[in-house]
Ligand SMILES: Cc1cc2nc3c(=O)[nH]c(=O)nc-3n(C[C@H](O)[C@H](O)[C@H](O)COP(=O)(O)OP(=O)(O)OC[C@H]3O[C@@H](n4cnc5c(N)ncnc54)[C@H](O)[C@@H]3O)c2cc1C
């Protein structure tokens, strides 16, 4: 190398997201030195805050539990969901094939490294009706993690959005604690665990924090080096190849060389309103649940060195209702199941339904943004009745519980004795809202949503209420008082970025590689294109391409 460096490692990772530590472990297994530079004071990225679900078809836990899958089945499914389009270079057939073959291999590798993983019992693919779709789902998650095992590093792990010592699987089932004996047993187990943990000095973290906590622990054990509050401001490029990065140390620029390459795992640009305005007009950094570090500068830095970008207009939408007083919360209230439950629908500002309310969160928000191009639909209105209020959670409040006065006083939750009066409160023509609800109630009576086919997929029913008869998804809106609540197209991250090949190498517009530069996670154009095939389609790819990048970089040694 010609450059002078303050320090040199074999492999340098920018950002401590999903794939970072996976790549680090691969490198350490081969005896290479690894440095992970994290801009914020905390390790783990949005991945640690997340559900920590990875969508990994044909994984060992499916085999363990007798859930059918194969490479062929997964390929058929992914090809059907994603399709072949000229404008989604992140998702070539070649890259999909690598994803589907490297995914289960990566899971094996992590298990060998002592990372305790498992699967969620039942979480249907988001298009389970398509050929190759899996009703039981292809998720991989971490087991609960006692964060005290991290010792002095414990404070460095980014917390999860769930503070309870409960697995995601348990949380999903606890929704039905009133109706289900299994859920009641889970509630008891959860209570006992909490008491036992207190007595024995354990502190279990869940979901993404369990995943990243376990990764962090394994990475520390294998001597991956971590530096927090170490933003990377630039790549060091010589002879058109990436040789290192510039970060800061003691307030001064600090140059770090990378013999085998640099992996960018620095998240997307959900917190950068200027980038959103450019690539995703109409979306807002106020409606994202990503961490504060998700500001996109590494995507811009890679572009500065000629990286091609794609799919920048895509985000992983997550429908939200932001109650008064929660506008500045780091994690906003997601209302994923609300309009997918019986006794509820979503309408635009003219009072019309316009989608299957039980589609995946990505499709749901794509639907809102699309609708808003022709009819005002941001916010849209969730419309529901008293049966809904009695039976289901609403924006973080329990079924049947009194809703905060402030919600009504500040016009967040509207309530009226008739649909016509409710329509007046949200500026919808009363006759239109009445007709929409009447039509929907007709579908409920017939057991068939002739407009949008809600309730026909396993996923729709899973998102609804499996204890509601005869349909888990469709229930009439007939019992006064009636309610309306605004819903906006929030997100859990952007989904476009630099274009990478099947070895996770960053590509230029002309298809040539930028030597020494790898990227993974939502810094890249997703291998899933413009679709979200199932739970874990962000964290899964981040891990898999981190793994692939690490393995490839070793071949250049
Ligand atoms: C509440 C919630 C639940 C979710 N649940 C799931 C789920 O279960 N499954 C799923 O697939 N997706 C889920 N998502 C989405 C998913 O979490 C993210 O898309 C994914 O974690 C992004 O991972 P990543 O590895 O690309 O980046 P991240 O995990 O965000 O990591 C990027 C890191 O890079 C750092 N960084 C940025 N710039 C720099 C720089 N210049 N220098 C140094 N460091 C930098 C950031 O601070 C950050 O720590 C969820 C999101 C949220 C908010």
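Only the coordinates and a few stated rules stand behind these numbers; no lab work does. The shown structure was predicted, so the numbers you read here are calculated from the model rather than taken from an experiment. Note that each Cβ is placed from the backbone with ideal geometry, even for glycine, and that neighbours are counted across all protein chains shown.
Descriptive notes on the structure:
- Between 0 and 90 degrees, the angle of helix 71-82 with respect to the longest Cα principal axis of the chain falls at about 70 degrees.
- Taking the helices alone, the chain has a mean residue ellipticity at 222 nm of -9500 deg cm²/dmol, built from -39,500 (n - 2.57) per DSSP H run of at least 4 residues and averaged over all its residues.
- Between the range 301-335 and the range 17-92, the alpha-carbon center distance in angstrom: 20 Å
- The value given for the chain is a Kirkwood hydrodynamic radius of 24.2 Å, derived from the mean inverse Cα-Cα separation.
- Protection proxy ranking of 374-382, 280-288 - average other beta-carbon atoms within 10 Å, highest first: 374-382, 280-288
- Relative contact order (percent, whole number), the range 171-298, Cα cutoff 8 Å, 6+ residue spacing: 13 percent
- For peptides 242-251, 426-435, 50-59, sequence by mean Cβ density within 10 Å, most packed first: 50-59, 242-251, 426-435
- Taking each residue as 0.36 nm, the span from residue 60 to residue 129 lengthens on full extension beyond its C-alpha to C-alpha distance by 22.5 nm.
- Mean sequence separation of contacting Cα pairs (under 8 Å, at least six apart), scaled by the length of the range 401-501, corresponds to a relative contact order of 31 percent.
- Per-peptide average of other Cβ atoms within 10 Å, ordering 191-200, 310-319, 72-81 highest first: 310-319, 72-81, 191-200
- Distance between the range 485-557 and the range 144-171 - C-alpha centres, whole angstrom: 26 Å
- In the chain, Cα pairs under 8 Å separated by at least six residues give a relative contact order of 23 percent.
- Extension gain, residue 286-residue 252: 0.36 nm per intervening residue step, less the Cα-Cα distance, totals 9.0 nm.
- Between 0 and 90°, nearest 10: helix 18-29 axis offset from the chain longest Cα axis: 30 degrees
- Axis angle, to the nearest 10 degrees, between helix 181-200 and the longest C-alpha principal axis of the chain: 40 degrees.
- FRET efficiency for residue 196 and residue 4, using Cβ-Cβ distance with R0 set to 41 Å, rounded to 0.05: 0.15
- Difference of contour (0.36 nm per residue) and Cα-Cα distance, residue 555 to residue 431: 37.9 nm
- The range 254-390: C-alpha pair distances exceeding 23 Å, %: 45 percent
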